[in-house]
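Heads up: the structure comes next, in structure tokens.
The values are calculated or read from the model by the stated rules, or taken from the named source; none is laboratory data. Model, not experiment: these values are computed from the prediction. Cβ: placed from backbone, ideal geometry, glycine included. Neighbour counts: every protein chain shown. Surface accessibility is based on the protein's heavy atoms, side chains included, excluding ligands, DNA and RNA. Shrake-Rupley method; radii C 1.70, N 1.55, O 1.52, S 1.80 Å.
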Amino acid sequence: MSQANTSSTLAVPAVGSIPRHVAIIMDGNGRWATKRFMPRVAGHSEGLEAVRKVVEECVRQNVQYLTLFAFSSENWRRPPEEVGFLTRLFLKSLKKEVARLAENNIRLKMIGDLSRFGTAITEMVEFSEEKTKDCNRLTLTIAANYGGRWDILQAMQKVLIGNPNLKATDLTESLLLPHLSMAYAPEPDLFIRTGGEQRVSNFLLWQLAYTELYFTDTLWPDFDATQLQKAFTWYAQRERRFGRTSAQLADELNVMPLSDAV
Ligand code: IPE
Ligand code: IPE
Ligand code: MG
């Protein structure tokens, strides 16, 4: 089976000590700014610096897929000035960074319902995805106007549109998988949420089924290469059983189960 379209509930995926796919909820920008008596939006600008650092470190560590939650389908509930600022910041940084992404062999992908952002963004995204489509050092996915429930629903709709006579009992995971927004990537191995909250906030609900979940109080603008390495060290110590027992896993790897190790 290729890396794309793998499903941790259909087959046990290969795991290594460095996560192949890291998915991050970049939270805490507003609080970072408020603590410094700055407007919340200053935290979003500063958060961009953290994005650069994390992308660089992922490349250095040979991570293959990095997925960043930039704007949730629920974030439209924020004050219009903040939403407007985020939209402009996104467009500006996309224009500024796309050439650099291509130079560094980074493929850019966007997931989410982008139509709501208007044509300036959809056209720029189309251009950027096209320009970086053959890059293969790292796939950087930005989730914008994304929601995990939306993702599952839109995939279901596509299955039904493609198979109008499908019987309910014939609906399988394999039919659904190609239509999920991240069908091109393996499921995330490591999820990171900065900013102290321990929730998933409608991020990749389907894809996180067997992902290791790492939460840190560090606010996103303060997150850097060292913080990422800390998360990777924590990840390397997880025993990813995917439903099996510790002993079965040890058998397979021919090592002592963690629970028996001293
Ligand atoms: C995350 O930081 C960025 C976005 C959701 C766009 P927040 O803006 O949620 O920051 P806090 O949680 O209010 O500190
Ligand atoms: C989640 O952060 C979404 C993004 C980081 C884009 P929020 O700050 O919006 O999440 P909640 O509302 O605290 O759950
Ligand atoms: Mg937040």
Segment 18-253 - percent of accessible surface contributed by carbon and sulfur, probe 1.4 Å
51
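Counting only heavy atoms of the protein chains, get the accessible area per residue of the chain (1.4 Å probe) and round it to a whole Å² value.
Roughly 53 Å² per residue, with all protein chains present.
Largest first, how would PHE223, PHE117, PHE215 line up by accessible area (1.4 Å probe)?
Ranked list, largest accessible area first: PHE215, PHE117, PHE223.
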Distance (nanometres) between label positions extended 7 Å along Cα→Cβ at ARG149 and PHE37
4.1
Kirkwood Rh and Cα Rg combined as Rg over Rh, evaluated for the chain:
0.98
Suppose each label sits 7 Å from its Cα in the direction of the beta carbon; what would the ILE18-LYS96 distance come out to in nanometres?
2.8
Sort VAL51, VAL12 by heavy-atom solvent-accessible area, probe 1.4 angstrom, most to least.
VAL12, VAL51
ARG137 accessible area, 1.4 Å probe, all protein chains in place, Å² to nearest 10
100
Using unit Cβ charges (K, R positive; D, E negative) and no other charged atoms, how large, in debye to the nearest 20, is the dipole of the chain about its Cα centre?
520
In nm, to one decimal, how far is the ARG238 label point from the GLN61 one, both placed 7 Å along Cα→Cβ?
1.2
What helices does the chain hold that run 30 Å or longer along their axis, going by alpha-carbon atoms, with a Kyte-Doolittle average of -0.5 or more, using DSSP H for the helix calls?
40-60, 80-103
Residue separation between GLU173 and LYS230 times 0.36 nm, minus their alpha-carbon distance, gives in nm 17.1 nm
Anything over 29 Å Cα to Cα? Flag those among LYS35/LYS92; LYS131/LYS167; LYS35/LYS133; LYS53/LYS133, in the order listed.
LYS131/LYS167; LYS35/LYS133
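Of the DSSP beta bridges with both residues in the chain, give the percent that are antiparallel, rounding to the nearest 5.
On the way: 0 of 26 bridges.
Antiparallel bridges: around 0 percent, rounded to the nearest 5.
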Provide the gained length on full extension for the span PHE127 to VAL200, in nm with one decimal, where the gain is 0.36 nm per separating residue minus the Cα-Cα distance.
23.2 nm
Ignoring ligands and nucleic acids, what accessible area does TYR210 show with a 1.4 Å probe (Å², nearest 10)?
90
Compute the whole-percent fraction of alpha carbon pairs in segment 1-135 spaced more than 23 Å apart.
43
